[in-house]
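These notes are about the structure you will find just below.
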Amino acid sequence: MPARATNSGEAACRRPPATRLVWAALALALIAALAAALLVALVYAHHLGEGDRALAEGDPAAALAAYSVAAAAAPWDPAPLDRAAQAAMAAGRYADAERSLRQLAGRAGWTADLHRRLGDALHARGEAGAAVAAWEAALSADPENTGALRALAGAAIQARDWEQATLLLQRLVAAAPDDAAARYHLGLLLAPYLPEQAAPHL
């Protein structure tokens with residue numbers, strides 16, 4: 001009997017305590033999480049680099065594919081979506097550009113520049129009204145956003161809204177005095193009615 005008790009006691013000592021098992025499980029989970037994070041980082045860095053390389057080599061379609069993988073690998077980082085939108089515009093894939101810009105805004109928030117770029121993508125798709133709304137949103141966020149002012153002035157000229165075009169070009173020239181094209185078009189619009197104001201721009 002005593003020998004049996006001793007054997008039972010030794011077996012109990014050989015069994016790992018529950019806390020030891022818990023710590024072992026936690027350590028394994030931590031190792032697995034670190035390995036997964038490292039894999040994600042490697043995938044992200046590889047595809048972001050591939051996208052940059054493809055864009056530099058003049059292959060925006062390949063760049064867009066690579067950036068899309070990088071964006072999926074790192075959903076917290078706005079950079080791949082920003083570059084994906086640029087690549088999509090360069091590739092003429094304006095619907096993809098719009099989608100990337102909206103996703104980018106979802107991650108980083110809307111800015112004047114994002115509204116302006118969205119307007120450019122919509123305009124390229126032939127959605128003139130939606131493009132104007134996006135450019136106006138850019139101006140609401142930044143009244144001196146030269147890209148939005150330029151785009152809206154162009155839209156007003158296309159619509160033959162000369163008064164609106166003149167106002168927008170005046171704002172653009174005030175914000176970007178060295179914009180020769182804006183000054184020239186402003187001069188052309190002013191010349192028939194206010195030649196003395198048009199002269200400095202022509």
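Where a number appears in this text, it was derived from the coordinates with a stated rule and is not lab data. Source: prediction; values computed, not measured. FYI the Cβ positions are ideal-geometry reconstructions off the backbone, even for glycines, and counts take in every protein chain you see.
Tell me the label-point distance for the pair residue 26, residue 65, using the 7 Å Cα-to-Cβ offset, in nm and rounded to one decimal.
In this crude spin-label approximation the distance works out to 4.6 nm.
Can you give the FRET efficiency for residue 124 and residue 52, using 1/(1 + (r/R0)^6), R0 = 25 Å, r = Cβ-Cβ distance, to the nearest 0.05?
E(calc), rounded to 0.05, equals 0.60.
May I ask you to compute the full-extension gain from residue 110 to residue 181, defined as 0.36 nm times their residue separation minus their alpha-carbon distance, rounded to one decimal in nm?
Value of the extension gain: 22.7 nm.
Quick check on the exposure proxy: order 102, 20 from fewest to most C-beta atoms within 10 angstrom.
Final ranking by Cβ density, sparse to dense: 20, 102.
Estimate the FRET efficiency between residue 72 and residue 163 by the formula 1/(1 + (r/R0)^6), using the beta-carbon distance for r and 41 Å for R0, to the nearest 0.05.
Efficiency, from the Cβ-Cβ distance: 0.30.
Please go through the stretch 151-199 and write out the trypsin sites (Lys or Arg not before Pro) that DSSP classes as loop and that have at most 15 other C-beta atoms within 10 Å.
Those satisfying the criteria are 160.
Normalised by the number of residues in the stretch 34-144, what is the relative contact order in percent for Cα pairs under 8 Å and 6+ residues apart?
17
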